[in-house]
Amino acid sequence: MARRFVYGFGGKKAAGNARMKNLLGGKGANLAEMTNLGIPVPPGFTITTEACNNFYKNNRKLSRALQEEVNGAMRNVEKLMGRKFGDAKNPLLVSVRSGARRSMPGMMETVLNIGLTEKTIPGLIKQSGEERFVYDAYRRLIMMYSDVVMEKGAGIEPQAEESGIRRQLEKIMNEMKKEKNYESDLDLKPEDLKVLCNKFKQRIKQVLKSDFPDDHNSQLWGGISAVFASWFGKRAVSYRRIEEIPDDWGTAVNVQAMVFGNMGKNSATGVAFTRNPGNGENHFYGEYLVNAQGEDVVAGIRTPAPLNESSKSITKSNLETLEKVMPDLYRKLDTYQKRLERHYKDMQDIEFTIENGVLYMLQTRVGKRNGPAAVKMALDMLKEKLISQEEAVRRVTPSQLDELLHPMVDPKAELTKKPIAKGLPAGPGGAAGQVVFSSNEAVAWAKSGKHVILVREETNPEDVEGMRVARAVLTARGGMTSHAALVARGWGKCCIVGCGDLHIDYEKKEMNVSGKIYREGDWLTLNGTKGNVYEGKLPMMETAEENVLLNQFLKICDAIRRLGIRANADTPDDARRARKFGAEGIGLMRTEHMFYGKGSEEPLFRLRKMIVSKTAEERRKALDELYPYVKKDIKGVLEAMDGMPVVMRLLDPPLHEFVPREKARLDQLAKELNISADELAQRADALHESNPMMGHRGVRLGITYPEITAMQVRAIFEAAAELIQQGRTPYPEIMVPVVAEARELLSQKKIVDEIYQEVLAKYNLKKIKYLYGTMIEIPRACIVAGEIARTVQFFSFGTNDLTQMGFGFSRDDIGGFLAEYIAKGILPQDPFQSIDQSGIGELIETGITRGRGTNPTLEVGICGEHGGDPQSVHFCHCVSMDYVSCSPFRVPIARLAAAQAALEHPAKKKTSNKKKPRRKKK
């Protein structure tokens, strides 16, 4: 049988269903599902995602077989509607919309009112009795079609944002409204609209060098092709890169009979959510417009009215609610939304139209929500027994959880400032940045390292790149269901919309707010939770530690995950913070970090003395002076993590990094060592290395200067001994870095064993609980891991350096080429952000398998920044690691990712202890 490309729906039955999302796209699958549920949906048909991929394989041409299927499906729609497509007396109009398997709001194209031509206009006027409505629909078709099909679909790139055909046509319409003193589009009379339509056609011919098509079939096939073409449109591609959506998914096309919300006062259109997407509260929430089409609500051209009282309290609108204006229809809508949420067991984003008092449902999909709302909905639906614990964990993405860790505007600072403007709180959190008025400027400024706030009259899909890089988005128009609000919520971006006090002059790059001028580059602070805009840069504060809902949710994650979560922390403050975020230990304490930042001057001076010492006597003296500082920091971290393991990496960085460059500090050091400045310079020069990252560091220092290892190990054991005598339960794990050979570890183990016995005797203790292990960060160490594991009790994979050495990339120098590698598809992503599973991952898995082959009780974890990356956490779960370690602020994300990994791979066993069979030589 030939492959089927078209699936119809209508008349209470559909060929598809919700499970066919990959083939029919989210919109098409859900239209079919609603039809099968008996919910009123205008009839239509869906062209599959496979047809989209064929369109590209066929050099952007539609096959004859597809055309025949579409024609057959159209005849069925005509039968259900009692109208005929292209008929002069009883015309059927259709919409053509995109619909990928995952929601991409506003990123692809829609064309409404297809089939409206000079031939069919009289028939529709007679059918509706509304001349104004028909010509309003016609001018909308001309504007949409010229933009979507004739410009974007044809691959024409306007030279500037304002020179696009749609903007030009909007300018013509705005000039007419200004000339006639009209306040809104609704004031345009039938004669005005006729004049506008003619002017539009003339401008289209002038700019795009072709006529607007006056044939219904040309409009239909042009619309279908343009929607397919929009899958690889600039903004859709940008959005897919951000959201990591594969290119080969393709989009479906939904062709559906038009129903009109702009037929007069008993018609309307709206967008609604079964729960509030901004805060997760269980209230039906949404907005609508009387006498309008759907694009008016989303585009923010007119300020919409609230659906009900709970929506009214959020939007602060004085407009009458749908519940009051059309109570019977509102009750029907409320019934449908409750039914849909129960059916899908998730919050739904719905679109509806009321045509002459008849309600139609145009779309339902799982609603975008921000992080706080996602967590609240998951917990609430769990309490309502709508979903299970496991489903609650699946409902929150790591990026959504990340939003709860973002800063808020300091409330104390807010009390000292009066807002310069207020809008609708569309995206939570706080942000401060410099004002820019275009997406291109936002991208350019952000690239130079500046924090920006993108300010627009209203955003449109072309602004997606600027919205992504901006710290926050602020718009003068639009409601809680506008494009800006929808996209910002999906990304967890701080956002305020509908801020009517803003009057923007794009040419001058400035805005007037209540009489005061703010120019490009001026600082503003936004509180997206309250909708307040402040002048200047207000301080931020962290709130995640105190978030009750977040902690409840993470406890559910902890009950499911099997992977341990630790944190990288170098100070007692960092350790305490990590513990508050739920860390079960410290996976990496870098002892050298006490030589940076606050309070580092004294220990750093002693370290420098040790580094430039020439004799063992000089070195021991400097180490004796350094010892109290090292022990104090170690003791502080062990105390903060009482009862939990703390992995302490011995001194690792290249020594030349610590040699001072300022003359005053060099003179002070020479004086302390009682040597001349020239001799100090000679000693410092001797430390210079051609490739310091592979030079005299880590275990190599301990082998050439055993006293350096001895000092650090003594500090660890004595700090632990003192805490034991104070009734504490310290648990140090001593980690030797930069190891490539098992004998290196045997050399250091002798020092550790000797000092351990000395400390036990000194403090009259029988035992100090500790582990001895190594960081696996050199590819050779992965290969000889079986031998290394005989000497140690744990491996901690240092994935940052392992990636660097495995790829031969310098982390400090990849800026010149890595972006090109990713853009050209040579690498799928930055390997320093997410573990390269096919290469570096193979090294890690080899190391684990061989290590546990000789030491079955070997503890294994990672301590690079990859420990906070969700994809890398999944990998670590799959290779049976014991824990991952990441920065304290990434600990909650790692807890969620580990739980989701356990759900995705529930029966993962420990890595086999058996050696992999050798490949036979050919």
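The values are calculated or read from the model by the stated rules, or taken from the named source; none is laboratory data. As the structure is a prediction and not an experimental result, all values here were calculated from the model. Neighbour counts run over all protein chains shown; Cβ positions are idealised from the backbone, glycine included. Please note that ligands, DNA and RNA were not included when accessible areas were found on the heavy atoms of the full protein model with its side chains. Shrake-Rupley method; radii C 1.70, N 1.55, O 1.52, S 1.80 Å.
For the residue pairs K580/K766; K555/K580; K199/K265, alpha carbon separations beyond 23 Å are given by K580/K766; K199/K265.
Overall shape of region 47-89 was characterised from the C-alpha gyration tensor. The equivalent ellipsoid obtained from it has semi-axes of 27, 11, 7 Å, in decreasing order. Taking 4 °C and 1.567 mPa s as conditions, region 120-222 diffuses translationally at an estimated 90 µm²/s according to Stokes-Einstein applied to its Kirkwood radius (Cα pairs).
Past the 18 angstrom mark, what percentage of all C-alpha to C-alpha distances in region 1-51 do you count? Don't skip to the end; give the middle numbers.
On the way: 261 of 1275 pairs.
Beyond 18 Å sits 20 percent of the P(r) for region 1-51.
Helix 131-145 and the longest principal axis of the Cα set of the chain meet at an angle near 40°. For the peptides 279-285, 467-473, the ranking by mean Cβ contacts within 10 Å, running from highest to lowest, is 467-473, 279-285. The angle between the Cα long axis of helix 165-179 and the longest principal axis of the Cα atoms of the chain comes to about 60 degrees, rounded to the nearest 10. With a Förster radius of 35 Å applied to the beta-carbon distance between K417 and K509, the computed FRET efficiency rounds to 0.90.
Per residue, the solvent-accessible area of the chain (1.4 Å probe, heavy atoms of protein chains only, all protein chains present) comes to 43 Å².
Per-atom-type breakdown for region 455-582 gives carbon and sulfur 46% of the accessible area (1.4 Å probe, protein chains only). Spin-label model, A616/Q829: points 7 Å from Cα along the beta carbon direction are separated by 5.1 nm. A cut-off under 11 angstrom between Cβ atoms defines the neighbours of R590, and their net charge, with Lys, Arg +1 and Asp, Glu -1, is -4.
Counting only lysines at least 8 places from K447 when in the same chain, those with an alpha carbon closer than 24 Å to its own are K234, K493, K508, K509, K537, K824.
With 0.36 nm allotted per residue and the present C-alpha distance subtracted, the D328-D87 stretch has 83.3 nm of extension available.
Over the alpha-carbon set of region 174-262, divide Rg by the Kirkwood Rh and report the Rg/Rh ratio to two decimals.
1.08
Length gained on full extension, L386 to K126: 88.7 nm, using 0.36 nm per residue less the C-alpha separation.
Over the chain, the fraction of Cα-Cα pairs per 10 Å bin, rounded to whole percents and listed from the shortest bin up, is 2, 10, 18, 20, 17, 13, 9, 6, 3, 1, 0. Solvent-accessible surface of protein heavy atoms, probed at 1.4 angstrom with all chains present, puts K89, K580 in the order K89, K580, largest first. Counting only alpha carbon atoms, the long axis of helix 891-904 and the longest principal axis of the chain meet at about 70°. Summary of packing: across the peptides 141-152, 66-77, the per-residue average of other C-beta atoms within 10 Å ranks them, highest first, as 141-152, 66-77. Peptides 867-874, 620-627, 431-438, 328-335, ordered by how many other C-beta atoms sit within 10 Å of their residues on average, highest first, read 867-874, 431-438, 620-627, 328-335.
Site pair N440 and Q67 shows an inter-label distance of 3.9 nm when each label is modelled 7 Å from Cα along Cα→Cβ. Per-atom-type breakdown for region 800-862 gives carbon and sulfur 47% of the accessible area (1.4 Å probe, protein chains only). Over all pairs of different C-alpha atoms in region 461-518, the reciprocal of the mean inverse distance, the Kirkwood hydrodynamic radius, equals 12.1 Å. In this structure, the pairs whose alpha-carbon distance is over 19 Å, taken from K368/K450; K609/K671; K152/K209, are K368/K450. Three semi-axes describe the equivalent ellipsoid of region 9-95; taken as square roots of 5 times the Cα gyration tensor eigenvalues and ordered largest first, they are 22, 20, 9 Å.
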